[in-house]
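A.B. asks: First the structure, then my questions, so here it is.
The values are calculated or read from the model by the stated rules, or taken from the named source; none is laboratory data. Computed from a predicted model, the values in this text were never measured in an experiment. So basically every Cβ, Gly included, is an ideal-geometry build from the backbone, and we count neighbours across all protein chains shown.
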Amino acid sequence: MRLTSSLMAVLAALSALPAMAQEGLEIVGKPTDGEMGFQPAATELARDLQWLDGMINVIIIAIVLFVTVLLAIVAVRYNRRANATSATFTHNSPVEIAWTIIPIVILVFIGAFSLPILFKQQEIPDGEVHIKVTGYQWYWGYEYTDHDFGFDSYMIGAPATGGENRMSPEVEAQLVEAGYSKDEFLLATDTSVVVPVNKVVVMQLTGADVIHSWTIPAFGVKQDAVPGRLSQLWFKAEKEGIYFGQCSELCGQSHAYMPITVKVVSEAEYEKWLEGAIEEYAGTPRSVNVASAN
């Protein structure tokens with residue numbers, strides 16, 4: 001009897017935490033102190049954006065170098081000492097045509113690559129997982145609309161989790177218990193968005209009070225959550241792991257304490273998580289075995 005009671009207590013404790021970390025997940029998308037550049041791209045959208053940024057930077061650098069060289073030539077060749085008698089002409093039609101047409105060609109070239117990437121972000125495909133996201137001051141609410149359950153997500157260390165929006169031994173203990181370290185303070189949340197790898201996730205966003213912005217840099221997504229409006233974003237994560245984001249709209253005094261945690265897991269792990277999440281948050285088991293009358 002004692003063994004049975006202990007086993008039941010362990011099972012109850014495990015079933016009470018369906019939204020906690022899937023053990024062994026690598027932290028992939030995370031800001032790093034002192035580093036520059038993008039986080040590793042985990043979606044096609046992020047790869048496209050990072051490539052576009054690199055391509056436009058090459059164009060920008062080439063233009064800056066070209067203009068710098070021209071200014072240097074003019075400063076050296078046409079200063080008062082080297083060119084005491086200046087020319088008398090006021091116009092140069094070929095040059096004027098060139099500096100009008102060449103920028104147009106450059107902009108058209110950039111647009112030919114940037115517009116398809118923009119359209120890819122904004123043309124929402126058919127989703128395999130649907131989540132409604134609501135921004136509150138200062139936390140996120142998530143509803144898995146395919147399965148009629150939802151939950152709120154607070155930063156570990158926020159007042160709702162017993163903290164004061166600052167690091168303390170108690171907050172560090174909470175982070176460690178949740179599978180993080182103190183380096184993830186201001187990033188990790190008490191519950192996480194859990195999605196399956198290689199599945200199209202469509203999110204519908206709104207705000208409950210002011211404008212918020214749901215952002216995961218490694219996914220290449222950022223969408224404002226506006227009160228009274230519904231907007232959408234989509235992504236298809238290609239690598240399992242933990243990804244962090246933060247509210248990217250100035251939404252009030254605790255704007256800095258409104259992070260996002262997304263866990264991308266295998267389809268089998270997602271189904272396992274879904275079983276527990278439906279039971280905990282919706283209050284009904286996903287499947288009920290009815291005993292035979294025989």
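A.B. asks: How about the range 140-183: which of its residues are touching a helix residue (DSSP H, G or I) at 6+ places or on another chain (Cβ under 7 Å) and part of a strand (DSSP E or B)?
C.D. replies: Answer for the range 140-183, where residues must be touching a helix residue (DSSP H, G or I) at 6+ places or on another chain (Cβ under 7 Å) and part of a strand (DSSP E or B): Phe149, Gly150, Phe151, Met155.
A.B. asks: A further question on this structure: Return the pairs, sorted by first residue and then second, in which the second residue is of a type outside the set (Gly, Ala, Ser) and outside any helix (DSSP H, G or I), the first residue lies in the range 58-82 and is more than 15 Å from Pro103 (Cα to Cα), the beta carbons are less than 8 Å apart, and the residues are 6+ apart or on different chains.
C.D. replies: As it stands, the answer is Arg77/Asn83, since those pairs meet every condition given.
A.B. asks: So in the range 97-111, with the set limited to residues that are of a type in the set (Val, Ile, Thr) and under 16 Å from Ile60 (Cα atoms), which one is farthest from the chain's Cα centre (by Cα)?
C.D. replies: Of everything passing the filter in the range 97-111, Ile102 is farthest from the chain's Cα centre (by Cα).
A.B. asks: So which pairs qualify, if the first residue must be in the range 243-270 and in contact (Cβ under 8 Å) with a residue 12 or more places away in the chain, the second must be surrounded by fewer than 19 Cβ atoms within 10 Å (Cβ to Cβ) and in a helix (DSSP H, G or I), the Cβ gap must be under 8 Å, and the two must be at least 6 apart or on different chains?
C.D. replies: Matching pairs, first to second residue: Gln246/Ala256; Cys247/His255; Glu249/His255.
A.B. asks: Are any residues in the range 184-204 under 21 Å from Lys222 (Cβ atoms) and assigned to a loop (DSSP other than H, G, I, E, B), and if so, which ones?
C.D. replies: Leu186, Leu187, Ala188, Ser192, Lys199, Val200
A.B. asks: Considering every residue within the range 215-230, establish whether at least one is more than 25 Å from Gly276 (Cα to Cα) and of a type in the set (Lys, Arg).
C.D. replies: Yes, because at least one residue in the range 215-230 is more than 25 Å from Gly276 (Cα to Cα) and of a type in the set (Lys, Arg).
A quick yes/no check of all residues on (1) part of a helix (DSSP H, G or I); (2) modelled with pLDDT of 90 or more; (3) surrounded by 10 or more Cβ atoms within 10 Å (Cβ to Cβ); (4) in the same structural domain as Tyr243 (by TED's automatic domain parsing):
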| position | (1), (2), (3), (4) |
| --- | --- |
| Thr4 | yes, no, no, no |
| Leu7 | yes, no, yes, no |
| Ala13 | yes, no, no, no |
| Leu49 | yes, yes, yes, no |
| Arg80 | no, no, no, no |
| Ser86 | no, no, no, no |
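A.B. asks: What do you reckon, is Thr134 touching a Ser or Thr at 6+ places or on another chain (Cβ under 8 Å) and either in a helix (DSSP H, G or I) or polar (S, T, N, Q) (or both)?
C.D. replies: Taking the combined requirement at face value, the residue satisfies it.
A.B. asks: Further question on the same structure: Where the second residue is of a type in the set (Gly, Ala, Ser) and the first is within 12 Å of Leu45 (Cβ to Cβ) and lies in the range 105-125, which pairs have Cβ atoms under 7 Å and are six or more apart or on separate chains?
C.D. replies: Qualifying pairs under 7 Å: none.
A.B. asks: Pick from the range 226-263 the residues that are part of a loop (DSSP other than H, G, I, E, B) and aliphatic (A, V, I, L, M): which of them is farthest from Trp138 (Cα to Cα)?
C.D. replies: Ala237
A.B. asks: Which of the numbered conditions does Ala208 fail, given that it passes all the others? Conditions: (1) closer than 28 Å to Thr284 by Cβ; (2) surrounded by 20 or more Cβ atoms within 10 Å (Cβ to Cβ).
C.D. replies: All conditions pass for Ala208, except number (2).
A.B. asks: Continuing with the same structure: Can you report the number of residues in the range 205-225 which are in a loop (DSSP other than H, G, I, E, B) and at negative phi?
C.D. replies: Total satisfying the criteria: 4.
A.B. asks: Then there is this: Got a number for residues in the range 62-78 being surrounded by fewer than 10 Cβ atoms within 10 Å (Cβ to Cβ) and among the polar types (S, T, N, Q)?
C.D. replies: Qualifying residue count, the range 62-78: 0.
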